[in-house]
Amino acid sequence: MIKKLDGYVIKTFFGPFIFIFSVLFFIFVVNIIWIRLSQFTGKGLSYWEILRLLSYLSAIVVQLVLPLTILLSSIMTFGDFGERYELAAMKAAGISLTRIMLPLFFVSIIFSLFLFVFSNNVIPDFQRKAKNMLYNIAATKPALNFTPGQFIQQIPGYSVKFDKISGENGENLEGVFIHKMANSYENQQSIVAEKGKFVQADNRNYLKLVLFNGHIFEDNIGNIDYNQRLKQPDQAIKFDTLVSHFNISDIINKALEAEKITDDYSFQNFIELNSTIDAAKKENNVVLGNISSELINQTNGFVSYIDKTPAKKAVLPTPKLDTMKQKKKQELLYAAFNKVESVKQLNINKSEQIQGLHAFYSRIIIYQQRIFSYSVTCLIFFLIGSSLGSIIRKGGLGLPVVIAIVVFIIFYVLNLSVENMAWSGKMDPYLAAWLPNMVLFPFGAWLTYKALTDSQLFDIEKYKSLFKPIIARFSKNKEHERYR
């Protein structure tokens, strides 16, 4: 009998669980598509490449979707039990609420373990694949970032314009104009061609461009004096085919920086992150020591000079500002102002550098701790959801969804708030990673106690009775009003 009841409870739970997980996962993936829409459209990527990239990027979504699904599914499951009076029937049969919740609690433990394994092994691997795929897109398809009919400066040292871009990967060009952005002491060069084509170079750091039917306009001023340059007209060289190689390593580096691919801690599991944290801590200590020494030397340089200078018997009186010429006074004040501003700017720059070091260190710790903390969140959300469902006794997608969204918003806002505080150095990163769970666990334990004691937590009449004496005191007696 008990085994059949456990199977029925689990079966009832998995119905809404699968539906809710699918819907929430789709919503979060759509959010990823919306954020990264510019990287997908107009890039010449196939549907398979886009789907593969989205699958890599959406892996980290499971960390938030799974706890939220457990919360909402448990509220709906126990709310349906209460609404259909099945919960009352189970209790009348001598089965306690704790025993009814037990099979789903074990299911939540399994989901919690699954989320830990997934976050520890699958997500780092998918992060690596996603960012490597973004790297390959930036490295092998740089032409796809160009906009037809506009002057762009994505190729370092050149300003280019293409009237038309076509082809599956945007490799075919028409109306090519390339201008070398040289200074006044270098050769000025411009290339105009009817057609062109991007070709994959042997070295990914270089972009190979083959041009057809064009001219090279060049003004040779490198080693020629001004008089000779006046006698020599600009050179124009016609070509049928011209092969040029452009260094695009800066483009790739910018793409890496924009996607934070250099943050390789996201590619590591829980144990590997320990060594990364130790290395970052040692490096930060070295940098902080260097910054401290630099600031001390900057501010105390004059004091050190005075200490090493022997005292003289006769010291000439310092000239007063009112006895100096106006120009001399301005120079002295300007020099003093520059000195103060330089020290002030140095302190600001070093402060920003220290904050950046601490923020990066905090990100590594929070990323590591959330591998485990989100798994614990699954259990806390089950306690909250199952207790709320048995108390409100309302199933469906109405009130349970509203309550679940409110609880999740509180959890999510806490997550973001403590994360920003940890990055700015106002909170310990270990505490920041666990604080949302520390706040919600007492709430879940309190709700569980209320559910086990059959508390009428959401009974409106109960709260009305508390304020009834106050309302009656200030309300008029209308019993004999008609006889007046």
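Here are the numbers for the structure shown:
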read-out	value
Members of the stretch 46-99 found to be β-branched (V, I, T) and either over 15 Å from A451 (Cβ atoms) or crowded, with 21+ Cβ neighbours inside 10 Å (or both), listed by number	I50, I60, V61, V62, V65, T69, I70, I75, T77
Hey, L431 surrounded by 17 or more Cβ atoms within 10 Å (Cβ to Cβ), more than 17 Å from the chain's Cα centre (by Cα) and not in a loop (DSSP other than H, G, I, E, B) or not	no
Qualifying residue in the stretch 233-240 (condition: at pLDDT 60 or above and open to solvent by less than 60 Å² (accessible area, probe 1.4 Å))	yes
Unmet criterion (only one of (1) open to solvent by 30 Å² or more (accessible area, probe 1.4 Å); (2) modelled with pLDDT of 80 or more) for L115	(1)
Top-ranked residue of the stretch 361-379 - restricted to ones that are among the hydrophobic types (A, V, I, L, M, F, W, C) and open to solvent by less than 10 Å² (accessible area, probe 1.4 Å), ranked as modelled with the lowest pLDDT	I364
Near pairs, Cβ below 6 angstrom, 6+ apart or cross-chain, from the stretch 442-458 (surrounded by 11 or more Cβ atoms within 10 Å (Cβ to Cβ)) to any residue that is modelled with pLDDT under 70 and of a type in the set (A, V, I, L, M)	K450/L457
Helices (runs of 4 or more DSSP H) wholly inside the stretch 1-112 that include at least 3 residues being free of Cβ contacts under 8 Å to residues at least 24 places away in the same chain	2-35, 37-40, 47-57, 86-92
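The values are calculated or read from the model by the stated rules, or taken from the named source; none is laboratory data. Predicted, not measured: the structure shown is a model, and the values here were computed from it. Methodologically, a virtual Cβ is constructed for each residue, glycine included, from the backbone with ideal geometry; neighbour enumeration extends over all protein chains shown. What goes into the accessible areas is simple: the full protein's heavy atoms, side chains included, and nothing from ligands, DNA or RNA. Shrake-Rupley method; radii C 1.70, N 1.55, O 1.52, S 1.80 Å.
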